[in-house]
1. Compute all pairwise cysteine Cβ distances in the chain, then list the cysteines with no distance under 4.7 Å to another cysteine.
2. Taking mean projected area of the Cα convex hull in nm² as the quantity of interest, determine which of (i) 39.7; (ii) 37.5; (iii) 29.8 was computed from the displayed structure.
3. Apply the Karplus parameterisation 6.51 cos²θ - 1.76 cosθ + 1.60, with θ equal to phi minus 60°, to every residue of region 336-344 and state each ³J(HN,Hα) to the nearest whole Hz, in sequence, with x for glycine and proline.
4. Please state the charge dipole magnitude for the chain, taken about the Cα centre, from unit charges on C-beta atoms (+1 on K and R, -1 on D and E), reported in debye and rounded to the nearest 20.
5. So which aspartates and glutamates pass the test for LYS367, namely a Cα distance under 17 Å, with those fewer than 8 places away in the same chain ruled out?
6. Got a sec to turn the phi values of region 165-173 into Karplus ³J(HN,Hα) couplings, 6.51 cos²θ - 1.76 cosθ + 1.60 with θ = phi - 60°, whole Hz, x for Gly and Pro?
7. Could you grab the relative contact order for the chain? Cα pairs under 8 Å, six or more apart, rounded to a whole percent.
8. Charges only on Cβ, +1 for Lys and Arg, -1 for Asp and Glu: so what's the dipole of region 64-291 about the Cα centre, in debye to the nearest 20?
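Readers should treat all values here as calculations from the given coordinates under stated rules, not as data from a laboratory. Quick caveat, the model's predicted, so the values are computed rather than measured. All Cβ positions, even for glycine, are placed from backbone atoms using ideal geometry, and neighbour counts span all protein chains on display.
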Amino acid sequence: MTDKGADEAGRRTEQLARLQGIRSYVEDDDYNYLDLTGIYSSDPVAKTPFIVAGTFIPEEIGGTVGVVNADEDPEETLARENLNQMLNNFLPGGYKQRWGNFDLWRGNWNHESAMGHADIGPMFDWAESYPLTDLLGDVSEVEYTELPFEPEDVRVYVPLTIRVTEENKSDPNYVWIPEKGIVWTGDPPMTTEPLSSDPTTNYLWFKHIAGEFEGEREPVDSAGIISSYSFEDDCEFVRCYYGSLLTLYPADSTETRSEIMRYRCESDEKTAFVASNEQSQLLTFELDRQDLRSRLQSTLDSNPRLRRDLQFALLESNIWQRLFFDERALNHVYAVRPLVEHLLGIDYQSRVVDETELGVFELSGTKVADEVKRLLPDESDRHLRLLGHERRDVSDVFTTIDEHPGPIAELLARCRNDNLVMDFAERALVHSAEHALSTWANNLMGSGTSFELWYDVNFQETGDDTARIAVYDPIQGGAGIAKEVYQQLQANDLDIERGLAAQGRCHSATADRAAIELLANYPDGSLYDVYRNDHDEFVEMATDVVKSKVDDPDAYSMDDLVAHVEQRTRNLFETRELATFYSYVADEYTRVETAIGRTPRVVDLALHLNRHVFTDPEIKATYDRFADDSGRRDIAELGERLGELVVQCVTACPDCLKTETGLCLHGTGQQESRLNRRLLSEVFSQ
């Protein structure tokens, strides 16, 4: 046979094989119809990318992974699911009802590992793994994480398959194993502490770009803080999960506590970071740090109340890092806010009663403990006990402060250091700008999507002249939304800085302030009659107050603000008695704000009213009724009542900058303290 004849015979053999594959597909009882997907998936010659996709539903960021039932032999495939979702459900500490008959599942990880670690090796087949230093470079520590790691001891693992195992959903028997430092189910052959339910699990993670930023920088014509922007059609971030933050609920107890589990792959004898590769289209902005810090300094110098609020945000952020993560001095994540509230109370006493300029920030650790003793009296339910806090002999907050005077003093000293406050303000501003970029870009396109967020958290440590913030599409491979924003930037002269500033102008906070001022204008409660009898006049009064609070009408919906003020007033004016009480307290609110030099919180109003001399017996009677129901953890009515009046959003809330936990790097409890809407609006409006 000639070479030509041999080639022809080969082609016919190939064609027959392809036709046989198609015929087998058509004759299958389950798929006895002809479609392009079936033809190409059955064609032995067709190669990617010529295979037609089996679905037109886009993949969420991070891609998909196969999930198999490790209890079956051979293993049974349960589903293909989004990788990030599965890691957020089934990494150690996670229990979810899902497949089958809505059965209870957990990841097939093992407890035979180092103390406080879970062996995740049995839970996965790996698509790839590599040393962490290949991702981060030759670094001495992992700057991203709240927990300490030695970079050379860590390996990054990207899953190909996840194995899960079914638990007894009727009686899972959750337990904590002290000698292992892990959560478990069933009856393991070791000492355990029973739990009343599954733990609440928040996963700790960070993102790092795979490779380098390659997008061409486009300079901004009216360059200020934003010096340039760029777009990349194909960019990849690696999201690394490095720990499980558990909130445990011991059986037969009302107490909670928090524990942290890390991961190891014992077959490699390495600490494990479990990763997903997030491929998308990226829009990046670069912020000029010299201009940014100059404006920051001007803002803080001209607005001392904002600066004091910022100091307390820094204090809360430091409490999370030092006392919760480093010292493990706090029993659980819910202990942070009560500690901050005690320190705010001490600040009120120091500023108003003792008339000191720096307030709590000038105190030593032992002096703080003495002040807590004064504010948690054993003999009466006054001072901080009005808000339901316990007596000092059983107070967890007092124990924490009394046993850690050194760290407490250090944290307070850091908050009065101008350079550290300035550095924190810069980090908060860049983080806020990252969130603002997402909402601004979303509003610009009207896409209704939630961008994935990223900013360079290490820009200060590296000494860069610019700080990068970025957003990318939440669809694996990109969805064209970030690209549309980029094209809008190229085609139109958009005022980016004004757009970002507008994201910090919170409707809720503005309406809260307007409602407080409106009530304070009528401290005798006479506004109640106007509200009840003349709606048009009330709306006109509310509109006038709202206008006085708005510096950029284009950044707000005035109708929404007035409606919010009306709703707040409706909640406060249920009866004439309550209207009179709240109007009086609103007037006192303005006095408290002047005295303490920051945004008043519930604790400030409670301590102020505790020492206040009421001249109106009816208002005094209302206050006494609320205060007498306080001092108990299950009631604390005074705190609840005062909480209805104060400004709810001090630094950030879901109405302005706060976003979903899974989108923000600092989403696990710290998001509000590391964002600052007022700082964003002030600086970007200059």
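1. Here CYS235, CYS240, CYS265, CYS415, CYS664 come out as lacking a disulfide-compatible partner, given the Cβ-Cβ threshold of under 4.7 Å.
2. Of the labelled values, this structure produces (i).
3. Taking θ as phi minus 60°, the curve returns 5, 4, x, 5, 4, 5, 5, 5, 5 Hz for region 336-344.
4. On the way: 65 positive and 127 negative charges, 234 e Å.
That gives a dipole near 1120 debye.
5. Those aspartates and glutamates meeting the cut-off are GLU341, ASP347, ASP354, GLU355, GLU357, ASP402, GLU403, GLU410.
6. My calculation for region 165-173 gives 10, 7, 9, 7, 6, 6, 8, x, 6 Hz in order.
7. On the way: 1178 pairs, mean separation 85.9, N = 686.
So the answer I get is 13 percent.
8. With Lys and Arg at +1 and Asp and Glu at -1, about 700 debye.
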